Amino acid sequence: MNKVVRPTGLERMIRQQVIDRGITDERVLTALRAVPRDKFFPTESSGEAYADRAAPIGHGQTISQPYMVALMTERLEVRAEHRVLEIGTGSGYQTAILASMCKEVFSLERVKPLLDDAFNRLMDMNVRNVHFRYGDGTLGWPEAAPFDRVLIAAGAPAIPEQLLREQLSDGGLAVLPIGPEDEQMLVVVHRDGAKLISTDVCPCRFVKLIGHEGWEADKK
C-alpha cells in the first residue's frame, strides 16, 4: 500500500496562502520552497512561521505575511542578472528570497540588532550575495547604484522620488507601500527616463518607513 505523503507546513503555506491566491511565477515559488521561513523566527515561536499573518520580530518591526512576500517578489519581476536594493532588512527573510533569485542584494536596515541577526542568519545559510548596511534606507546606496530593482518593505508617506530617480535604473521597477500610517497601497513604480509611473496593486499595512524620504522617527 502506498503511503500518503502529507505536505509539510511550508508546502501547505505555499499552496494555500500563495498559489491559491494567484501567485504563479515558478521562480518565486521555488524561492519560497528553498528558504526555510521558520529559521527567521525565535525557536519558541517557530510554529508561527507558516501562519497567514505578519509577525513581530522585535524593536517594533515585523516579518511580512507569506502572501505579501510572494506578491511583492512576483511584482518586482526579479531576474538572475539583476542587482536589487532592499530597504528594510528586518529578519532577513525577504532578503534571502531575493538573494536566491538575483545576482546581488544590497540591503539596508536602520535597527542595528535586526541587521546583525539577519546577517548571522544568512551567513549560517551560506548566502553570500548580500551586502548589508546600517543606516537610513531612504538614502539608498549611492556608490553601488544604479539598481535594476528596488524593494521597500516599510510604508512611505509618498513615493521616494529622489531615491528612485537617482538610484533606480532607467526601465527599472520598484515595489513599495505608500500612504497613511494606518493603511497603505502597495504600488509598482516603473522608471521611464525622468518619469516615475505608478500602478496600484492592493491595500496593505506595513510599519512606517523612517528616514529622509519617509516618516520622522517617533520622539521618545
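The values are calculated or read from the model by the stated rules, or taken from the named source; none is laboratory data. Since the model is a prediction, treat every value here as computed from it, not as a measurement. Cβ coordinates were reconstructed from backbone atoms using ideal geometry, including for glycine residues, and neighbour counts include every protein chain displayed. Just so you know, the surface numbers come from the protein's heavy atoms only, side chains and all, with ligands and any DNA or RNA stripped out. Shrake-Rupley method; radii C 1.70, N 1.55, O 1.52, S 1.80 Å.
Overview of values
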item	result
Charge dipole (the chain, unit charges on Cβ, about Cα centre) - positive-most of Gly135, Ala96, Leu115	Ala96
Kirkwood hydrodynamic radius of segment 32-93, from inverse mean 1/r over distinct Cα pairs, in Å	12.8 Å
Three principal axis lengths of segment 165-220 [C-alpha, angstrom, descending]	41, 25, 11
Nonlocal Lys pairs with alpha-carbon distance under 29 Å, the chain (8 or more apart, or different chains)	13
Cβ-placed point charges (K, R +1; D, E -1), dipole of the chain about Cα centre in debye, nearest 20	600 debye
Within the accessible area of the chain (1.4 Å probe), percent carbon and sulfur	49 percent
Computed E for Ile19/Ala55 - FRET, C-beta separation, R0 22 angstrom, nearest 0.05	0.55
Cα-centre dipole for segment 127-220 with unit charges at Cβ (Lys and Arg positive, Asp and Glu negative), debye to 20	280 debye
Tilt relative to the chain, helix 112-124 - C-alpha long axis, 0 to 90 degrees, to 10	50 degrees
Solvent-accessible area per residue, Å², over segment 145-219 with all protein chains present [probe radius 1.4 Å]	46 Å²
Projected label distance in nm at Lys112 and Asn129, using a 7 Å step from Cα toward the beta-carbon	3.1 nm
Calculated P(r) tail over 18 Å for segment 59-145, as whole % of Cα pairs	40 percent
Segment 156-174 and segment 49-101: distance between their alpha carbon centers, rounded to Å	19 Å
Solvent-accessible area of Lys195 with every protein chain in place, 1.4 Å probe, in Å² to the nearest 10	120 Å²
Spherically averaged projected area of the chain from its Cα convex hull (nm²)	13.1 nm²
Protection proxy ranking of 92-100, 11-19 - average other beta-carbon atoms within 10 Å, highest first	92-100, 11-19
Computed [θ] at 222 nm, helices only, for the chain once each DSSP H run of length n ≥ 4 contributes -39500 (n - 2.57)	-6500 deg cm²/dmol
Hydrodynamic radius (Kirkwood) for segment 91-220, which is based on Cα pairs only, to one decimal in Å	15.2 Å
Kirkwood Rh in Å, taken over all unlike Cα pairs in segment 1-107	14.5 Å
